[in-house]
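The values are calculated or read from the model by the stated rules, or taken from the named source; none is laboratory data. A quick note: this is a predicted structure, and the numbers were derived from the prediction, not measured. Cβ placement follows ideal geometry from the backbone for every residue including glycine, while neighbour counts extend to all protein chains displayed. Surface accessibility is based on the protein's heavy atoms, side chains included, excluding ligands, DNA and RNA. Shrake-Rupley method; radii C 1.70, N 1.55, O 1.52, S 1.80 Å.
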Amino acid sequence: MDVLVTGGTGRLGRRVAAQLQDGGHRVRQMSRRGTGPGGVRGDLATGRDLRHALAGAEVVVHAASDPRGDPWQADVAGTRRLVQAVGRDRLRHLVYVSIVGVDRVPYGYYRAKFAAEQVLLASGLPVTLLRITQFHDFVDELLATARRGPVLPVPMGWRVQPVDVDEAAVHTAQVAAGLPAGDVVEYGGPQELTAADAARAWVAAREPGTRVVATPVPGRLSAAVRDGAALPTRGPRGRRTYAEHLRS
C-alpha cells in the first residue's frame, strides 16, 4: 500500500514508518520540512503542501501533534485541513494516534485531541481512532523535569499504565494495515503503576539517593487520574514493563 505518516519524524511516527516499510509498503514521512529519506513536506498548521503530500495515499497514519504549542491549531484545525486535502476516492484507512483518557481527563491538550477525534468521526472517512497510553521514555522525561535536587515530588494516587514506544509502533502499523474500526480502539502497557511507584523505580535506576515524595494535588484533573481516567479499559497490551525499560 501507499502510506503517508504525518508527524513522520516524531517519536512514534518514525518508528511506525520503519515498521510499515519492513512490511513491504511504500511509505512517505510528512513533516513541516520534509527532510530525510522518504520525507515529504506538509504543514497541518497552514495547509501548505498538504494536497501534494497526501496525493496517492491509500493509508494515512496521522501521528502529528503539537503538545507544546497550540494544539487547537495544529491538532484540531490541522486535522480538518487533512480531511479536506485527502484523496477520498483512493483512501482505504486513516489511523489517528490519540491518547487514552482524552475523553475523561480535563486537560487542555487532551480536549484538543478529543475534538480532533470528533472531526474525523464526522468526516465520513474510513477511520480508526487509536488511543495509546504514555510512552516509557516520556515518563522518564516527566520525572527528570519534576526532580528538584535530592527530592522528586509526584502527585499522590495518580494511576498510569505506560507502554514501550517500539511495541506501540508495531501495533500501530498492524492497525494501519488492517480494516478501519470506525471507532475508538485502545492500546496500553502491561502493568498499572502509581506515579510514586514509577518514580521510585526511576530513581533507583537513574538517580540513586533521590527521595520520592507523594504530594496531594487538588483539582478535577488530579481526581480524574486518581480515578483511573488515564488507564485503558479494553484492547491489547504491550509486554515490556516500565522496570524492564529502566534496566535497558
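Measure off 7 Å from each Cα along the Cα-to-Cβ vector at Arg11 and Val151, then give the distance between these two points in nanometres to one decimal.
Between Arg11 and Val151, the simple spin-label model gives 2.7 nm.
For the pair Arg234 and Ala55, how long in nm is the line joining their label points, each one 7 Å along Cα→Cβ?
4.1
Mind pulling the angle between the C-alpha long axis of helix 136-146 and the longest principal axis of the chain? Nearest 10 degrees, somewhere in 0 to 90.
Once rounded, the angle reads 50 degrees.
So for Met156, Met1, what's the accessible-area order with a 1.4 Å probe, most first?
Met156, Met1
Quick check: the angle from helix 165-177's long axis to the longest principal axis of the chain, C-alpha only, nearest 10 degrees?
30
Show me, for segment 23-31, the HN-Hα J-couplings you get by feeding each phi into the Karplus relation (A = 6.51, B = -1.76, C = 1.60, θ = phi - 60°), rounded to Hz, glycine and proline as x.
x, x, 8, 8, 10, 10, 10, 8, 8
Contact order normalised by length for segment 119-248, with contacts defined as Cα pairs under 8 Å and 6 or more residues apart; what percent is it?
Relative contact order, segment 119-248: 37 percent.
To check you understand DSSP bridge types, tell me what percent of the beta bridges within segment 1-154 (both residues inside) are antiparallel, rounded to 5. It would help to have the intermediate numbers written out before the result.
Working: 1 of 23 bridges.
Taking every DSSP beta bridge within segment 1-154, about 5 percent pair in antiparallel fashion.
Give a residue-ordered list of calculated ³J(HN,Hα) values for segment 113-130 (Karplus: 6.51 cos²θ - 1.76 cosθ + 1.60, θ = phi - 60°; whole Hz; x for Gly, Pro).
Coupling constants for segment 113-130: 4, 5, 5, 5, 4, 5, 4, 6, 5, 7, 6, x, 7, x, 10, 10, 9, 9 Hz.
Residue separation times 0.36 nm, minus the C-alpha to C-alpha distance between Arg211 and Ala144: what's the value?
Details: separation 67, 0.36 × 67 = 24.12 nm, distance 1.29 nm.
Roughly 22.8 nm would be gained on extension.
For segment 158-235, list log₁₀ I(q)/I(0) at each q in 0.15, 0.20 Å⁻¹, using the Debye formula over Cα point scatterers of equal strength and ignoring solvent, two decimals each.
The computed values of log10 I(q)/I(0) come out as -0.70, -0.99.
Any chance you could run the full-extension gain for Asp22 through Ala223? It's 0.36 nm times the residue separation minus the Cα-Cα distance, nm to one decimal.
68.1 nm
Computed from the coordinates I sent, volume of the Cα convex hull per residue in Å³ equals one of (1) 135; (2) 122; (3) 154. Tell me the label.
Of the labelled values, this structure produces (2).
With every protein chain left in place, what is the accessible area of Tyr109 in Å² (1.4 Å probe, nearest 10)?
In the full protein context, Tyr109 sits at about 40 Å².
Full extension from Thr35 to Ala181: what is 0.36 nm times the residue separation minus their Cα-Cα distance, to one decimal in nm? All intermediate terms of the calculation are to be shown ahead of the outcome.
On the way: separation 146, 0.36 × 146 = 52.56 nm, distance 3.18 nm.
Answer, rounded to one decimal: 49.4 nm.
Collect residues whose amide H, placed 1.01 Å from N in the peptide plane, falls under 5 Å from the amide H of Asp70; neighbours closer than 5 in sequence don't count.
The list, which skips near neighbours in sequence, is empty: none.
Run lengths n ≥ 4 of DSSP H only: what is the helix-derived mean residue ellipticity at 222 nm for the chain, with -39500 (n - 2.57) per run over all residues, to the nearest 500?
-10000 deg cm²/dmol
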